[in-house]
Amino acid sequence: AQSVTQLDSHVSVSEGTPVLLRCNYSSSYSPSLFWYVQHPNKGLQLLLKYTSAATLVKGINGFEAEFKKSETSFHLTKPSAHMSDAAEYFCVVTRFSGNTPLVFGKGTRLSVIA
Amino acid sequence: DAGVTQSPTHLIKTRGQHVTLRCSPISGHKSVSWYQQVLGQGPQFIFQYYEKEERGRGNFPDRFSARQFPNYSSELNVNALLLGDSALYLCASSLGPGDYGYTFGSGTRLTVV
């Protein structure tokens, strides 16, 4: 079984300050992990993915995440928030090299204050 | 190149009615997956199809069904609609099972009244 816990339902940061969105996962198998972003009334856009290569994963728009197996965590960070980063963010787990569906967390809403 | 196309974008139905949602994948993608996103929650897996065959099914009642056509487009059907079926329905396409290059459409917003 696989599951994801996003530790914060809402995070608010000031523009130009760092962003940290926290995600813990549980998986019976070696996991593949993803972060997706969803802007209002839009579909999901892939930010980055971890599939057993380098544990520090760089994504689009300056985001990155680090896979920490000992902590079962995959936190998303960005050094400096932009107004355009305001959106809903989803941490996602699936089985590495397996045909299993994506399992989404409940999401973290990021607000960016000018 | 066009992305994943879903139609309609919005839909209002009455309890007990039937609805059909449509999805066209990215050219070259042979797998289509459907997800339901209830307001305030993350998407939940409904179905995956590959080469016209069902490859996976989530924990949804038999009122939900789907199929995939020879051109790899897909339909999601929901019978006997309930108020709780109100949600954003997302379609994702990928090259095939186990390919993590999912591309999501913008979804169909279904409201059941």
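The values are calculated or read from the model by the stated rules, or taken from the named source; none is laboratory data. Just so it is clear, the model here is predicted, and its values are computed rather than measured. As a convention, Cβ positions derive from the backbone with ideal geometry for all residues, glycine included, and neighbour counts pool all protein chains shown. These area figures cover heavy atoms from the full protein model, side chains too; ligands, DNA and RNA do not enter into them. Shrake-Rupley method; radii C 1.70, N 1.55, O 1.52, S 1.80 Å.
Specify the residue that is nearest to the chain's Cα centre (by Cα); the eligible residues are those in segment A:6-56 that are more than 14 Å from A:VAL92 (Cα to Cα) and aliphatic (A, V, I, L, M).
This residue is A:LEU20.
Does segment A:93-114 hold any residues that are part of a strand (DSSP E or B) and either more than 8 Å from chain B (Cβ to nearest Cβ) or at pLDDT 95 or above (or both), and which are they?
A:VAL93, A:ARG95, A:PHE104, A:THR108, A:ARG109, A:LEU110, A:SER111, A:VAL112, A:ILE113, listed by residue number.
I'd like to verify a number: residues in segment A:6-44 that are closer than 23 Å to B:THR103 by Cα and either within 9 Å of chain B (Cβ to nearest Cβ) or in a strand (DSSP E or B) (or both), how many?
Total satisfying the criteria: 16.
Being within 12 Å of chain A (Cβ to nearest Cβ), in contact (Cβ under 8 Å) with a residue 40 or more places away in the chain and either surrounded by fewer than 18 Cβ atoms within 10 Å (Cβ to Cβ) or not small (Gly, Ala, Ser) (or both) is the requirement here; does B:THR111 meet it? Even if it seems obvious, please write down each step before you answer.
Details: within 12 Å of chain A (Cβ to nearest Cβ): no; in contact (Cβ under 8 Å) with a residue 40 or more places away in the chain: yes; either surrounded by fewer than 18 Cβ atoms within 10 Å (Cβ to Cβ) or not small (Gly, Ala, Ser) (or both): yes.
Judged against the criteria, B:THR111 is not a match.
Criterion first (farther than 28 Å from B:GLY16 by Cα, of a type outside the set (Lys, Arg) and under 13 Å from the mean Cα position of the chain (by Cα)) does B:SER73 satisfy it? Break it down stepwise before answering.
Numbers: farther than 28 Å from B:GLY16 by Cα: no; of a type outside the set (Lys, Arg): yes; under 13 Å from the mean Cα position of the chain (by Cα): yes.
It is false that B:SER73 is farther than 28 Å from B:GLY16 by Cα, of a type outside the set (Lys, Arg) and under 13 Å from the mean Cα position of the chain (by Cα).
Would you say A:TYR25 is buried (at least 19 other Cβ atoms within 10 Å of the Cβ), at pLDDT 95 or above and farther than 28 Å from B:THR108 by Cα? First the steps, then the outcome.
Values: buried (at least 19 other Cβ atoms within 10 Å of the Cβ): yes; at pLDDT 95 or above: yes; farther than 28 Å from B:THR108 by Cα: yes.
Criteria met by A:TYR25.
Residues of segment A:56-81 being more than 11 Å from A:LEU33 (Cβ to Cβ), outside any helix (DSSP H, G or I) and out of contact with any Gly (no Cβ under 8 Å at 6 or more places or on another chain), which ones?
Initial filter on segment A:56-81 (more than 11 Å from A:LEU33 (Cβ to Cβ)): A:56, A:58-64, A:70-71, A:77-81.
Adding the requirement that they be outside any helix (DSSP H, G or I) leaves A:56, A:58-59, A:63-64, A:70-71, A:77-81.
Across segment A:56-81, the qualifying residues are A:LEU56, A:LYS58, A:GLY59, A:PHE63, A:GLU64, A:SER70, A:GLU71, A:THR77.
Could you grab me the full set of residues in segment B:13-41 that are free of Cβ contacts under 8 Å to residues at least 60 places away in the same chain, within 14 Å of chain A (Cβ to nearest Cβ) and open to solvent by 10 Å² or more (accessible area, probe 1.4 Å)?
B:SER24, B:GLN36, B:VAL38, B:LEU39, B:GLY40, B:GLN41
Right, B:ASP99: touching a residue at least 12 places away in the same chain (Cβ under 8 Å) and more than 12 Å from chain A (Cβ to nearest Cβ) or not? Reasoning before the result, please.
Values: touching a residue at least 12 places away in the same chain (Cβ under 8 Å): yes; more than 12 Å from chain A (Cβ to nearest Cβ): no.
No, not satisfied.
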